Each structure stands twice: as structure tokens, then as C-alpha cells.
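Data block below; observations after.
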Amino acid sequence: MLYALVMVLMVAYAAIFTLLAEIRGAFGFSDATMGVIAACAFAAGFVAQLGLSRLADRGMGAGLLRAGLLLSLMGACWMVTAAELWEWIASRTLLGFGAGCVRPGVRRYVLVCDPSQAGRRLGMLAAWEMVGFLVGPLMASGLFIVGGLRAPFIAVAACVVVLIPFVWRLEIPGAESPTERAIRTLLKHPAMQSCLALGIAFYAAVGVFEAVWAMFFADLGASQLFIGITMSVFTLPMIFIAPWAGGLAQRRHVLRLMTLTLTAAVVCMLMYGVITSLWWLCVPLLVHSIVDAITMPAIQLAVGYASGQGALAAGQGLFSATGLAVAAVASLGAGALYESWGALGVWWVSSGIMLACIVLARLLGRGHDWFGGGISD
């Protein structure tokens, strides 16, 4: 049921983004205020994961999970009745904060419940999140047509209610010796610094994609349908490859594996800047989606290795919060860069930043044991 839970939270995230234009039209909000509605969930998730994730390492993971569920439910229910701008901002913030409370505890549970299967289970989590990302826009659009603007949020709230009895009694084991001042301690650890450098490389690409991908293809003459298909081409391999990739990462030297996959992603990004054929662009796009499907669970497993038992949830929270911040900054920068320097500029500059982060990660991570089957102290 944990897989279903992360899927529902991603459905809610994707559904809201799908309906932003309808919310703007229905309530007369400006484009700038719609940006605030979109951004507040990221900010809330950042605060929750950075500030509260360490509680799961101290034996309070179950309570954090329950609080996140209730906050997510409150946010979804509030959206059913929201009319004023402050209500949409507050309800979106509740939903984002709730999801930020849920994720670190869920990942700690996955890492400790069966350490020998941690990689595969992290891959399954990533796959189910991608299912939610695909289903969310379709569900939101369909329910909007049938039942209006409120219907998708009623459906999200109903899904959370259905899941609560199944996950409410879940116990998330805390660490025997939780790391004191976990976030500060982790930030001083070269292995975690290596993971964060790789995370910056990975999420910088995510932010660039979010900001310019649709414009990039539209400027090359692609239809909206073609753009939508490319999004599916990028997402679908993650659903099927990520569970296998998580197991692969656990059997390999994970830092070397991520170096290979992220370097391949850099090559693909460079190719986006020089290929002008829509159909030929799909070739590096497919390769990029496959290597990202391997990177996603591998990097979460690496964070577990770097954190140790005493700070598993704190490490996952720190990494996810960093990813949210990097993606937000990259989105802002990519939009401005695309306007000033065009496709070649945005893809090549972002590739250079990614490559520098990969090199830095290899240097920082040289002294750590990245090969092994489980999570240890």
C-alpha cells in the first residue's frame, strides 16, 4: 500500500498542475498568482523534508507518516471548497507539506524493512511515482470534463481516505543510535557531499526540462500532441526499468554506475542543442529516459549508504529538499537562458554544470565504500 500512497500523492501533484489554467479562468487569478500557487507546494515540501525528516530516524516515523496523511487529506478537501486566492495557496501548501512529511519515512521503511532488497524497493517507489505522474493529468482532465473543477480534488481526497486504514498502523523502525544534529553532520560528510553533487546534476536537468521542453519542441514545429508523446516517451521507461535498476545498483559500485548514467545524460543534453529534426531528437530522448530510470533509484540508494542507519530518513529528506531547490532554480535560469541564447545555449550550459558536478562527486566520494548489498551503520 505504500506504493499506492506515493502514487496518489504524485497524482495530486500532477492533477493540480494540469488544472492551473482552469483555476485561473474560474476565479480570475493572474498569471503571477498562479505561479505562487504552483511554487508554494515546493516550498512547503522543502521545509518539511529538511526540517522534519530526521524525526523518522528517532522512532517517530509512523507519527510523521500519519501527520502527512492527515495534512494531505485536509489540503485536498480544502481545494474542493476553495474560492479565494489565500485558500488555494493554503490548501496547496498543506498538500505539499503533507507529502514532504510522508516521503522520508516511507523511504526509511523501504531501506530498513529488508536491506537486501532496498535497491529494488526504491526502484518500485520511483516506478509508482511515475505511474502517478502519468495518471494524474489524465484523471484530472477526465474528471474535470465529467464533474467540473472540484471533481478531481474529491477523487484525490477519496483515494487518501481509502488508503488511511491500510497504512495507519504501519510501524517505521527508528535507529538504535540516531545521528545527533543529523543534517549538519551529513553536510560535513564527503560521501553525502558526493551524493548532493550528483543530485544537483540530476535535478538541474529536471528543472531545465520542466522550463523549456515544451517551448523547445514547439519552436521546432511540433504539435501539442507530439509534445505530449515525447513526455510519455521520457516517462514510460522509468516505470518498467526503475525496479530492475534499483536491484542492479545494489549489486554494483553505485558511484561508478551513476557516473556512467549521468555522463550519458550529459551527452544526450548536448545532442538536444544540435539536432533540429523532431524525430531524430527522440533517439537521445529515449536513451536519456533509460539512463535516468537507472539513476533515480541508484542515487537514493547511494544516499542511504552515505547516511548510515542513524540518519537514513534525514539523508533522504536532505537529498529531496536539495533536489526541489535545484529544480526550482534551474527552471528559472533555463527560461531566461533560453530566451537569451536559445536552445544551444540552454542545453550546453546546463550540460557543463552537470559535468562539473559529476567530476566533483567522483572526487568527494573516492574514500567511501559504495559497493554492498545493504544499509549499514
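Just so it is clear, none of the values below were taken in a lab; they were calculated from the coordinates. What you see is a predicted model; the values in this text were computed from it and never measured. Reconstructed Cβ throughout: ideal geometry from the backbone, glycine too, with neighbour counts over all protein chains shown.
For LEU20 and VAL283, calculate 0.36 nm times their separation in residues minus their Cα-Cα distance, and state this gained length in nm to one decimal.
So the chain would gain 91.5 nm between LEU20 and VAL283.
Checking the a/c ratio against 1.5 first, then a/b against b/c, what shape does the Cα gyration tensor give for the range 254-377? All intermediate terms of the calculation are to be shown ahead of the outcome.
Details: a/c = 2.44, a/b = 1.82, b/c = 1.34.
Judged from the Cα gyration tensor, the range 254-377 comes out prolate (a/c at least 1.5, a/b above b/c).
7 Å from Cα along Cα→Cβ at both VAL161 and THR263: what's the point-to-point distance in nm?
Spacing of the two 7 Å Cα→Cβ label points: 5.4 nm.
Please identify the helices of the chain, taking whole runs of DSSP H, that span at least 20 Å along their own axis as judged from the Cα atoms and have a mean Kyte-Doolittle score of -1.0 or higher.
2-18, 31-52, 61-81, 85-113, 118-147, 151-167, 190-219, 224-251, 254-272, 278-307, 312-364
At a Förster distance of 30 Å, what's the computed FRET efficiency of MET215 paired with TRP244, Cβ-Cβ distance as r, to 0.05?
In this case the efficiency is close to 0.35.
Considering all projection directions equally, how large on average is the shadow of the alpha-carbon convex hull of the range 1-63, in square nanometres?
Mean shadow area of the hull around the Cα atoms is 5.5 nm².
Between ARG181 and SER232, what length in nm is gained on full extension when 0.36 nm per residue of separation is reduced by their alpha carbon distance?
Values: separation 51, 0.36 × 51 = 18.36 nm, distance 4.12 nm.
Working it through step by step, the gained length comes to 14.2 nm.
What are the trypsin sites (Lys or Arg not before Pro) within the range 177-234 that DSSP puts in a loop, where the Cβ has at most 11 other Cβ atoms within 10 Å?
Filter output for the range 177-234: LYS188.
Once amide H atoms are built 1.01 Å from N in the peptide plane, which residues 5 or more positions from ALA175, or in another chain, come under 5 Å H to H?
Amide H neighbours of ALA175, under 5 Å, 5+ apart: ARG58, GLY59.
Between the range 1-77 and the range 113-153, how many Å separate their Cα centres?
13
Which of these values of semi-axes √(5λ) of the Cα gyration tensor in Å was calculated from the structure shown: (i) 36, 21, 20; (ii) 40, 23, 20; (iii) 30, 28, 18?
(iii)
I'd like the distance separating the alpha-carbon centroids of the range 298-377 and the range 239-253, in whole Å.
18
Please compute the contact order of the chain in relative form: average sequence separation of alpha-carbon pairs under 8 Å and at least six residues apart, divided by the residue count, as a percent. The partial results should precede the final answer.
Details: 638 pairs, mean separation 100.2, N = 377.
Relative contact order for the chain comes out at 27 percent.
Could you check the spin-label model distance between THR276 and ARG252? Points 7 Å from the Cα along Cα→Cβ, value in nm.
Here the answer is 3.6 nm between the modelled labels.
If I take R0 = 25 Å and measure r between the Cβ atoms of SER116 and GLU171 in this structure, what FRET efficiency does the formula 1/(1 + (r/R0)^6) give, to the nearest 0.05?
Plugging the Cβ-Cβ distance into 1/(1 + (r/R0)^6) gives 0.80.
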